[in-house]
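Peer 1: Below you'll find the structure I mean.
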There are 2 protein chains.
Amino acid sequence: MRPEAILHALSDPVRAAIFTQISGQGCVEACSAFAVVGDKAIPKSSLSHHIKVLREAGLIRCERHGVEMRNHSRCSEVDQRFPGLIAAILGAYAQVRV
Amino acid sequence: MRPEAILHALSDPVRAAIFTQISGQGCVEACSAFAVVGDKAIPKSSLSHHIKVLREAGLIRCERHGVEMRNHSRCSEVDQRFPGLIAAILGAYAQVRV
DNA sequence: TTCAATAGTTCCGATATTCCGAACTATGGG
DNA sequence: CCCATAGTTCGGAATATCGGAACTATTGAA
């Protein structure tokens, strides 16, 4: 779990928004829940790519559940390794979105 | 000053190392001080680009001083806008470098 | 004032990344 | 078995990054 991968993953506002939603709820059923972020439509293939980047950065864990995918936040694990990092990043985005 | 620009700027380990040094000292005389990062040689043109990314993200301020450039950290300004962000990011990189 | 040296920037071609439509795969229900 | 739904993979176009070579800016010395 490398800091550069985490920062890169969250340096994209769309991915940051997706991760915010996942970590806010702890777990989000179905990737298609992110088909629209803000007011922007995200194509399936792009969405798949974004989820993959978040997964490979160690930010989320995905498990198949029937025909869809459950996206779990790995916030606590990341926070254990890099204390305060996630909170500061999501906090910064929250500032801007006010 | 946008979070995505800050994260993008610091998602590159070379830039993160440069910024760590600048903010550790508050101000670094001459960009050429970063000609070698870790054990890796950085070409002038790449260095110039990295400094520009850090500057445009609002992380540093550069002023010409004679023939060279003084690179000042803008840590405190960033911290005022996005509390804890810089500390958490540099802390994460420090973890890894141990 | 002209010249040389040093510090950075700009340009541009090569390489790598990102984006997204289309085709593909996997799972469950009728 | 087939269809519908959810996601992944593929591939080409657009975009970004890297770095050598040429350029600009500033200073100090002849």
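Peer 1: Quick one: putting +1 on the C-beta of Lys and Arg, -1 on the C-beta of Asp and Glu, what dipole do you get for chain B around its Cα centre, in Debye to the nearest 20? Could the numbers behind the result be given before it?
Peer 2: Numbers: 12 positive and 9 negative charges, 25 e Å.
Its charge dipole is roughly 120 debye.
Peer 1: Around A:Arg70, which amide H atoms from residues at least 5 apart in sequence, or from another chain, sit under 5 Å from its own amide H, with H modelled in the peptide plane?
Peer 2: A:Ala30, A:Glu63, A:Arg64, A:His65
Peer 1: Let me ask something else about it. Could you name every residue in the stretch A:3-32 that has 30 Å² or more less accessible surface in the full protein assembly than in its own chain alone (probe 1.4 Å, ligands and nucleic acids excluded)?
Peer 2: Buried by 30 Å² or more upon assembly, which counts only protein chains, are A:Pro3, A:Glu4, A:Leu7, A:Ser11.
Peer 1: Here's another thing I want to ask about it. Rounded to the nearest 100 Å², what is the sum over both chains of accessible area buried where B meets A, with a probe of 1.4 Å? The partial results should precede the final answer.
Peer 2: Values: alone 5800 and 5790 Å², together 10080 Å².
Buried area (both sides, nearest 100 Å²): 1500 Å².
Peer 1: Would you mind checking which residues have amide H under 5 Å from B:Cys27's amide H? H placed 1.01 Å from N; only 5 or more apart, or other chain.
Peer 2: So B:Cys27 has HN proximity to B:Ser73.
Peer 1: Per residue, how large is the accessible surface of the stretch A:3-93? Use a 1.4 angstrom probe and give square angstrom. Please list the in-between numbers first.
Peer 2: Numbers: 4340 Å² over 91 residues.
Ligands and nucleic acids excluded, the result is 48 Å² per residue.
Peer 1: Taking the dipole about the Cα centre of the protein assembly as shown, with the C-beta of Lys and Arg at +1 and of Asp and Glu at -1, give me whichever of B:Gln21, B:Gly91, A:Ser46 is farthest to the positive side.
Peer 2: A:Ser46
Peer 1: Hey, any idea what % of the protein assembly as shown's accessible area is carbon plus sulfur with a 1.4 Å probe?
Peer 2: 52 percent
Peer 1: Then there's this: Could you state the number of Å between the C-alpha centres of the stretch B:10-64 and the stretch A:19-41?
Peer 2: Going from one Cα centre to the other spans 35 Å.
Peer 1: What area, in nm² and to one decimal, does the C-alpha convex hull of the protein assembly as shown cast on average over all directions? Intermediate values should be presented prior to the final figure.
Peer 2: Working: hull surface 48.1 nm².
Computed as one quarter of the Cα hull surface, the answer is 12.0 nm².
Peer 1: Now for a different question. Under the convention of a label 7 Å out along Cα→Cβ, give the distances in nm from B:Gly26 to the same position in every other copy, shortest first.
Peer 2: The projected label point of B:Gly26 is separated from its counterparts by 4.7 nm.
Peer 1: Whole-Hz ³J(HN,Hα) for each residue in the stretch A:57-64, computed from phi via Karplus 6.51 cos²θ - 1.76 cosθ + 1.60 with θ = phi - 60°, x for glycine and proline: what do you get?
Peer 2: 7, x, 7, 9, 10, 10, 9, 5
Peer 1: I need two numbers for chain B: Rg to one decimal and Dmax as a whole number, Cα atoms only, in Å.
Peer 2: Just the Cα atoms of chain B yield Rg and Dmax of 12.7, 37 Å.
The values are calculated or read from the model by the stated rules, or taken from the named source; none is laboratory data. Just so it is clear, the structure is predicted and the values come from calculations on it, not from any experiment. Every residue, glycine among them, receives a Cβ derived from its backbone with ideal geometry; neighbour counts consider all protein chains shown. Surface accessibility is based on the protein's heavy atoms, side chains included, excluding ligands, DNA and RNA. Shrake-Rupley method; radii C 1.70, N 1.55, O 1.52, S 1.80 Å.
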